[in-house]
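Below: one structure, written as structure tokens.
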Amino acid sequence: MKSLFSEAKLGNLSLKNKVVMAPMTRSRSLGNVPGDLVATYYEQRAEAGLIITEGTSPSPNGLGYARIPGIFSEEQTKAWKKVTDKVHAKGSKIFVQLMHTGRIGHELNLPKGAKVLGPSAILAKGQMWTDADGMKDHPTPQEMSKSELKSTLEEFVNASKNAVQAGFDGVELHAANGYLLEQFLHPSSNQRTDEYGGSIENRIRFVVEVASAVSVAIGKEKTAIRLSPYGAFNDLFPFPETHDEYSLLAEKLNEIGIVYIHLVDHSSMGAPTVEPETVQNIRKAFKGTLILSGGYDVERAEKDLSSGLADLVAFGKPFLANPDLVTRFQKNIPLVSFDETTLYTPGEKGYSDYAFAS
């Protein structure tokens, strides 16, 4: 039996295999509340030992995209309980990914009274979809005040408490792909002159504070993070201090004792390759579970699991059109291609209507 399909430990959790379903935005949550369709979608993919949900906002200010879910209201929390119940009934574990979009947002996608925030008032190049008016340029974010830093940290903590109430096994802080937490890590998006900007130590400060506060609130065994060093997404690109910064961040996260780091390599999508030395430094500095993701197949997953580079391996796109991905992997059943035109559209088409091999 391949290592990928054998049981694993994640903190105090037992996983039925080492296959992780990676977080993927699907934009099916009308009114920012995950409905029965979302619950069906995750239930279908519960062959994975661990599911990480799509990016879910801890705050009205973080709902930058159309139809993404939140977990800051009572209605949202109750709705997520349906998802976790269905996934647990299939023997899988599930973490919610907390994604505050920061400057990658648009007022037309935000609820009334919410605003587009960032570490600094620096525009991100590019456009995004709004249901109200189609494609729109990113707006210049409002630089976060000290009080907004404090309130945003509290939003992450409250959302984490809601996640536990909703039955999630833990939360993954999204500090990758160009969203708010990663915006603090990058000198191009963070040009603050206070203790949250400038040096490496200052730029990682807010991420470390959020991880620490969440781990205190719900337990370090329920707290995790996703990082994308050398990513090239949402107008953030590698910078000269990337290796040193992420190495130090891994040390600080290890001191907090969070349960896992989820390291994503976007080179399969055209981004620069993550430097092997950086991955090895993070592996050496961080004593918890390391999840690797990005363009994996079974053969590559086995190689990184057997070498000890990874403890678990996450698969994203293959899960879209192959809800029974683990079975297909185990039985060498060909994978189905997904429909790109329905990745972010409302409704079941291209979402919960993909067939099982059986």
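The values are calculated or read from the model by the stated rules, or taken from the named source; none is laboratory data. Just so it is clear, the model here is predicted, and its values are computed rather than measured. Because the Cβ atoms are built from the backbone with ideal geometry, glycine has one as well, and the counts that use them run over all protein chains shown. Please note that ligands, DNA and RNA were not included when accessible areas were found on the heavy atoms of the full protein model with its side chains. Shrake-Rupley method; radii C 1.70, N 1.55, O 1.52, S 1.80 Å.
Observations on the model:
- Scanning the range 42-54 finds one or more residues that are buried (at least 21 other Cβ atoms within 10 Å of the Cβ) and aromatic (Phe, Trp, Tyr).
- The condition of being more than 21 Å from Thr53 (Cβ to Cβ), part of a loop (DSSP other than H, G, I, E, B) and modelled with pLDDT of 95 or more does not hold for Val274.
- For the range 298-307, a tally of residues being in contact with a helix residue (DSSP H, G or I) (Cβ under 8 Å, 6 or more places away or on another chain) and farther than 19 Å from Ile333 by Cβ returns 2.
- Subset of the range 148-178 [touching a residue at least 60 places away in the same chain (Cβ under 8 Å) and within 20 Å of Gly257 (Cβ to Cβ)]: Leu153, Phe156, Val157, Ser160, Ala163, Phe168, Asp169, Gly170, Val171, Glu172, Leu173, His174
- Each residue in the range 229-264 was checked for being assigned to a helix (DSSP H, G or I) and either buried (at least 22 other Cβ atoms within 10 Å of the Cβ) or in contact with a strand residue (DSSP E or B) (Cβ under 8 Å, 6 or more places away or on another chain) (or both), and 5 pass.
- Residues that are of a type in the set (Lys, Arg) and farther than 30 Å from Val279 by Cβ, drawn from the range 301-356: Lys331, Lys349
- Scope the range 344-358; condition out of contact with any Ser or Thr (no Cβ under 8 Å at 6 or more places or on another chain) and open to solvent by less than 50 Å² (accessible area, probe 1.4 Å); matching residues: Gly347, Tyr354
- In the range 70-115, the residues that are under 20 Å from Gln183 (Cα atoms), open to solvent by less than 10 Å² (accessible area, probe 1.4 Å) and in a loop (DSSP other than H, G, I, E, B): Met99, His100, Thr101, Gly102, Arg103, Ile104, Gly105
- Within the range 125-149, if we keep just the residues that are of a type in the set (Ser, Thr, Tyr) and over 22 Å from the mean Cα position of the chain (by Cα), the residue that is surrounded by the fewest Cβ atoms within 10 Å (Cβ to Cβ) turns out to be Ser147.
- Taking the criterion of being assigned to a helix (DSSP H, G or I) and either without any contact (Cβ under 8 Å) to a residue 40 or more places away in the chain or open to solvent by 60 Å² or more (accessible area, probe 1.4 Å) (or both), the residues of the range 283-311 that qualify are Arg283, Lys284, Ala285, Glu299, Arg300, Lys303, Asp304, Ser306.
- Filter result for Ala79 (over 25 Å from Lys317 (Cβ atoms) and of a type in the set (Gly, Ala, Ser)): yes
- Qualifying residue in the range 327-342 (condition: among the aromatic types (Phe, Trp, Tyr), in a loop (DSSP other than H, G, I, E, B), at pLDDT 95 or above and over 14 Å from Val20 (Cβ atoms)): yes
- All of (1) open to solvent by 20 Å² or more (accessible area, probe 1.4 Å); (2) charged (D, E, K, R); (3) touching a Ser or Thr at 6+ places or on another chain (Cβ under 8 Å) hold for Lys317 with one exception: (3).
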